[in-house]
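The block underneath contains the structure these notes are about, expressed in structure tokens.
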Amino acid sequence: MITRLTKIVFVAVLSLLSLGTISAFSQTKAKKDVKKKREAQRSAMHLRDSMMRVITRSDTSINSLLQRMEQYTANFNQINSSLSEGVDTVDIGEQLPAVIKRADKINSAVHTHKAGTLRFLFVLRDNLDHMQDQLEGWQTDILDVNTKLVQNQTDLIKFTKDTLIKKAPSDSNLRKTYLAQLRQVRALWRQTDSLNRGVLLKVNLLQDKMAICDEKVLDESDEVDSKIKGFASKAIAGESDYIWRVRPQYRDLNEAISHTARLDSILLSNFFKTDLGVHIAALLFLAAIFIWILYHRGKVLKKEDSVDAASQQAAYILKHPVMAPLLVVTAIIPYFYNHPPTALMEILFLVSIALTMVLIKNEVGKPAYQFLKRLFVLGFIYAVSNLLIDISNIDRYIILLLSVVSFVFAFAFHRKVKTSPDGHLPYTALALKVFMSLQVISFILNVTGRFALAKIFGVTAVFNLWFLIVLFMVLNILMQAVFIHFEARKGGNSIVNWMDYSLVQKKFKKTLLILASLLWVFGLCQNLDIDDWVKDNIADLLKVSQSVGGASFTIGGFVIFILVIWLSSIVSRIISYFYDVSAQRVSDLSVLKSKNRTSALIIRIGVFSVGFLLAVAASNFPLDKLTIIISAFGVGIGFGLQNIVNNLVSGLILAFEKPINIGDVIEVDGHTGTMKEIGIRSSKVVTGDGSEVIIPNGDFISHQVVNWTLSNSNRQIDLRVITAYGIDINKTRELLKGLLANRDDVMSKPAPAVFINNITESNVEFRLLFWEADISTTGELRSRILTEIYAMLGKEGVPLPGGGQTNLYLHFPEGVPLADAVKKTKKEDKETK
């Protein structure tokens, strides 16, 4: 049994040993396999990394080539896209043949007999001016297109000259891919290059045609201008014989009217087809005027308290709400355009005259209105005659007859004006004298064979007289519109409530008068057909160079310098005015000071400084020459400008340091008042009696100034109350204290105080000290408290002094009668004398 058991144990141990050996062997083998796998992975990773580094090093140029290909592709596609949409020359190409045809017609018309009339020459020149402006605009547009196409071609040529794209990669697979993409880009380049060259060729051909047409228009313009100059000399010398020796006419009146109507219809049609932007601006101006006037008119009519005032101050707008703004528009719109057709000008002018006739009917007397009706008929006939472009003997006789009739009508009306000068428009007599003088000149010129000048003077006489009346009406309507605007804005928090309408009316009317005068002078030059001559001569004059002290400048630059300085002064005045307006809306001086109205001076000085620099820059004045001016200014200071410069510098000190503000109550050199304005050189102080004292700024710096409101508007009031001798002092004192206590118009802190100031043999003097919050009510508060003190003392039985009454006691010697004493006194007086 033991032996058998021993064998079993031995076999079991042997089995366990064998199993342990196998397990250990298998674990060792597994560890070796994992190690080999990891080493293989590391080797593969190293191999891949080395390959990537090699590829990266070798294909850096490949990446840049591929990026370059993509950039070229994107550029070519963009060029193709822009060219496929078309260029902005289609409309120009369609309209250019019509312009060339018109230029040929004008060229043929210049050499016909019709070019012998000044009216026809002006029509031709206006057409040539419009054509030249149109061609210049087209040339600008085509130049932009051409610049873009040239840039495209430059980019296309850059592709052919790029040497980098010719280097193919060494790797066969990469080279195959790259060459395929290069072929695609080259095909796209050929397509784009062909398309761009074709468009560029068409644009260049169109530019050549436009250059030829533009040169032709310029030549024709020069020829027309030379004919106009020659016509002026011919007209002065006399283009025809005396009126009783008429020459054969080229056309009768009916043919001249027919030809004129056909030409003017063409001109008007071309005019409305062009200048679209100006047409829109004119319509917007029309809408703005109507909306402005009608809107505020409606608001005024809703206010019962404003209707009466508006009916007196704005009768045109209230009675004629459509005609009044329409007159303003028809009178101003022609100046929106540069050389509009004469037919359009005269149509608008006749409309404005008709509107004026309606508006002015109830504003002038019957004789004046009768003359205006006759003048309207004369103006209509003159307008038709002024449009004729052909020579007609009947037209000459009509102008002669119109001169006589116009003179007779004006002379008759002038006599009535002299008899009763009231009830007529301003300067009526002077305007009639000028009108009659021009008609006399027209008559003489027509008789002596200078028909063109005769018509010019006749048309000028009628048109400019009407234009003067129309501008007068427009000025009144605009002033009424301003009044309506003020009335409509009254109430609420509108700033209009605090603006002085009379001041605004005065300034606005002055500005409108200046503009109306300039428009009238311009209209006079137009009617005399010298507007272009005047503009050319003024332009030449402004370009003339002058030299002073080694510095050169032009007259135009000097005018611009003065104009900018003038505008700067206007802006500074407007700023000061609105600061004053803002001050009127404030009653508390502390609030007023918080607005820092004194800073208006700094703003004004800043505006002047900026305006001066802008004026110097705009006038092209050399900045280095400013040192000469500054040096001369320094010499002037040394000789006699010390006080002026002292005041200027003092003004700056007052503006920055602000020891005195606008609205402060001050006392300087015996003058007490309120600070109204701090100017650049001097300041204004309004005294209590309403006078304005102008004080140099230097006095505020060098003299002693008392500012009652520098920190606040409080002020101590000192009153003296004198009572009779023998009163109860403590009782009276308590009464006075009680009167000053618990009052709204007297400050509680510091508390009021009552002192015994003086005691004499006849009275007792009390001194009352108390503070008020607002210095502007000092006089009223003193009066009120003194009145209350007088009433209180009388009620409490406190006697006041006897008002200066003196008791006289006479002592006569005993036994001497009164009559003898008087005689003795008179005798002594005579002896003394």
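The values are calculated or read from the model by the stated rules, or taken from the named source; none is laboratory data. Note that this is a predicted model, so its numbers are computed, not measured. Positions of Cβ are generated from backbone atoms using ideal geometry, with glycine treated the same way; all protein chains shown enter the neighbour counts. Surface accessibility is based on the protein's heavy atoms, side chains included, excluding ligands, DNA and RNA. Shrake-Rupley method; radii C 1.70, N 1.55, O 1.52, S 1.80 Å.
What is the one condition in (1) in a strand (DSSP E or B); (2) open to solvent by less than 40 Å² (accessible area, probe 1.4 Å) that N758 does not satisfy?
Every condition holds for N758 apart from (2).
Is the range 410-426 home to any residue that is modelled with pLDDT of 90 or more, buried (at least 17 other Cβ atoms within 10 Å of the Cβ) and under 29 Å from F122 (Cβ atoms)?
yes
Tally the residues that are assigned to a helix (DSSP H, G or I) and surrounded by fewer than 19 Cβ atoms within 10 Å (Cβ to Cβ), restricting the search to the range 361-377.
Within the range 361-377, the first condition is being assigned to a helix (DSSP H, G or I), and the residues that meet it are 366-377.
Of the ones still in play, those that are also surrounded by fewer than 19 Cβ atoms within 10 Å (Cβ to Cβ) are 366-370, 373-374, 376-377.
Number satisfying all stated conditions: 9.
Residue under question is G449, and the condition is that it be open to solvent by less than 10 Å² (accessible area, probe 1.4 Å), touching a residue at least 40 places away in the same chain (Cβ under 8 Å), of a type in the set (G, A, S) and touching an Asp or Glu at 6+ places or on another chain (Cβ under 7 Å); does it hold? Please lay out each step first, then the result.
On the way: open to solvent by less than 10 Å² (accessible area, probe 1.4 Å): yes; touching a residue at least 40 places away in the same chain (Cβ under 8 Å): yes; of a type in the set (G, A, S): yes; touching an Asp or Glu at 6+ places or on another chain (Cβ under 7 Å): yes.
Against the criterion (open to solvent by less than 10 Å² (accessible area, probe 1.4 Å), touching a residue at least 40 places away in the same chain (Cβ under 8 Å), of a type in the set (G, A, S) and touching an Asp or Glu at 6+ places or on another chain (Cβ under 7 Å)), G449 qualifies.
Out of the residues in the range 129-165 that are of a type in the set (D, E, K, R) and not in a helix (DSSP H, G or I), state the one that is farthest from L201 (Cα to Cα). Don't jump to the end; show me each part of the working.
Filtering the range 129-165 down to residues of a type in the set (D, E, K, R) leaves 129, 133, 136, 141, 144, 148, 155, 158, 161-162.
After this cut, where a residue has to be not in a helix (DSSP H, G or I) as well, the list is 161-162.
Values: K161: 22, D162: 25 Å.
Checking each candidate, the answer is D162.
List the number of the failed condition for I477; all other conditions in (1) under 30 Å from F290 (Cβ atoms); (2) out of contact with any Phe, Trp or Tyr (no Cβ under 7 Å at 6 or more places or on another chain) hold.
I477 satisfies all of (1) under 30 Å from F290 (Cβ atoms); (2) out of contact with any Phe, Trp or Tyr (no Cβ under 7 Å at 6 or more places or on another chain) except (2).
Residues that are open to solvent by 40 Å² or more (accessible area, probe 1.4 Å) and within 30 Å of F766 (Cβ to Cβ), at least 1 per element: which strands (runs of 3 or more DSSP E) completely within the range 683-748 meet that?
Numbers: elements: 692-696, 705-707, 715-724.
Of the strands (runs of 3 or more DSSP E) lying wholly inside the range 683-748, those with at least 1 residues that are open to solvent by 40 Å² or more (accessible area, probe 1.4 Å) and within 30 Å of F766 (Cβ to Cβ) span 705-707, 715-724.
Which number in (1) under 30 Å from I280 (Cβ atoms); (2) modelled with pLDDT of 80 or more; (3) open to solvent by 30 Å² or more (accessible area, probe 1.4 Å) marks the one condition that H339 misses?
(2)
When you look at R767, is it basic (K, R), under 26 Å from E796 (Cβ atoms), touching a residue at least 24 places away in the same chain (Cβ under 8 Å) and surrounded by fewer than 17 Cβ atoms within 10 Å (Cβ to Cβ), yes or no? Can you show your working first?
Numbers: basic (K, R): yes; under 26 Å from E796 (Cβ atoms): yes; touching a residue at least 24 places away in the same chain (Cβ under 8 Å): yes; surrounded by fewer than 17 Cβ atoms within 10 Å (Cβ to Cβ): yes.
The answer is yes for R767.
Before we move on, is L206 within 30 Å of I92 (Cα to Cα), at pLDDT 80 or above and open to solvent by 50 Å² or more (accessible area, probe 1.4 Å)?
Working: within 30 Å of I92 (Cα to Cα): yes; at pLDDT 80 or above: yes; open to solvent by 50 Å² or more (accessible area, probe 1.4 Å): no.
It is false that L206 is within 30 Å of I92 (Cα to Cα), at pLDDT 80 or above and open to solvent by 50 Å² or more (accessible area, probe 1.4 Å).
Which residues, counting only those in the range 279-295, are buried (at least 17 other Cβ atoms within 10 Å of the Cβ) and touching a residue at least 60 places away in the same chain (Cβ under 8 Å)?
I293
Among the residues of the range 76-119, how many are among the polar types (S, T, N, Q) and modelled with pLDDT under 70? Step through it out loud before you land on a result.
First, pick out the residues of the range 76-119 that are among the polar types (S, T, N, Q): 77-78, 80-82, 84, 89, 95, 107-108, 112, 117.
Imposing the further condition that a residue be modelled with pLDDT under 70 reduces the set to 112, 117.
Count: 2.
Which numbered condition in (1) farther than 24 Å from T428 by Cα; (2) open to solvent by less than 10 Å² (accessible area, probe 1.4 Å); (3) modelled with pLDDT under 90; (4) part of a helix (DSSP H, G or I) is the only one that V329 fails?
(3)
What tally of residues in the range 296-326 results from selecting those that are open to solvent by 40 Å² or more (accessible area, probe 1.4 Å) and part of a loop (DSSP other than H, G, I, E, B)?
The initial filter retains those residues of the range 296-326 that are open to solvent by 40 Å² or more (accessible area, probe 1.4 Å), namely 297, 299, 301-305, 307-308, 311-313, 319-320, 322-323, 326.
Okay, now just the ones that are also part of a loop (DSSP other than H, G, I, E, B), so 302-303, 320, 322.
The qualifying residues number 4.
Using the structure shown, decide if A821 is modelled with pLDDT under 80 and assigned to a helix (DSSP H, G or I). Explain how you work it out, then say what you get.
Details: modelled with pLDDT under 80: yes; assigned to a helix (DSSP H, G or I): yes.
Against the criterion (modelled with pLDDT under 80 and assigned to a helix (DSSP H, G or I)), A821 qualifies.
Can you list residue pairs whose Cβ atoms sit under 6 Å apart, with the first residue in the range 254-278 being crowded, with 18+ Cβ neighbours inside 10 Å and the second being of a type in the set (V, I, T)? Count only pairs 6 or more apart in sequence or on different chains.
T260/I389
Can you confirm whether the range 664-674 contains a residue that is small (G, A, S), within 24 Å of R782 (Cβ to Cβ) and not in a loop (DSSP other than H, G, I, E, B)?
The answer is yes; a qualifying residue exists.
I389 versus (1) within 26 Å of C525 (Cβ to Cβ); (2) assigned to a helix (DSSP H, G or I); (3) aliphatic (A, V, I, L, M): which is the lone unmet condition?
Here I389 meets the rest and fails (2).
Which residue pairs have Cβ atoms closer than 9 Å, lie 6 or more positions apart in sequence or on different chains, and pair a first residue in the range 321-342 that is on the phi < 0 side of the Ramachandran plot and polar (S, T, N, Q) with a second residue that is open to solvent by 20 Å² or more (accessible area, probe 1.4 Å) and outside any helix (DSSP H, G or I)?
N338/D275
Given the structure, is F443 in contact (Cβ under 8 Å) with a residue 24 or more places away in the chain, assigned to a helix (DSSP H, G or I), among the hydrophobic types (A, V, I, L, M, F, W, C) and in contact with a Ser or Thr (Cβ under 6 Å, 6 or more places away or on another chain)? If you could, list the steps in order and put the result at the bottom.
Values: in contact (Cβ under 8 Å) with a residue 24 or more places away in the chain: yes; assigned to a helix (DSSP H, G or I): yes; among the hydrophobic types (A, V, I, L, M, F, W, C): yes; in contact with a Ser or Thr (Cβ under 6 Å, 6 or more places away or on another chain): yes.
Spelling it out, F443 is indeed in contact (Cβ under 8 Å) with a residue 24 or more places away in the chain, assigned to a helix (DSSP H, G or I), among the hydrophobic types (A, V, I, L, M, F, W, C) and in contact with a Ser or Thr (Cβ under 6 Å, 6 or more places away or on another chain).
Mind counting the residues in the range 389-409 that are among the aromatic types (F, W, Y) and open to solvent by 70 Å² or more (accessible area, probe 1.4 Å)?
Qualifying residue count for the region: 2.
Being touching a residue at least 60 places away in the same chain (Cβ under 8 Å), aliphatic (A, V, I, L, M) and part of a loop (DSSP other than H, G, I, E, B): is that true of V798 here? Spell out the reasoning first.
Numbers: touching a residue at least 60 places away in the same chain (Cβ under 8 Å): yes; aliphatic (A, V, I, L, M): yes; part of a loop (DSSP other than H, G, I, E, B): yes.
Against the criterion (touching a residue at least 60 places away in the same chain (Cβ under 8 Å), aliphatic (A, V, I, L, M) and part of a loop (DSSP other than H, G, I, E, B)), V798 qualifies.
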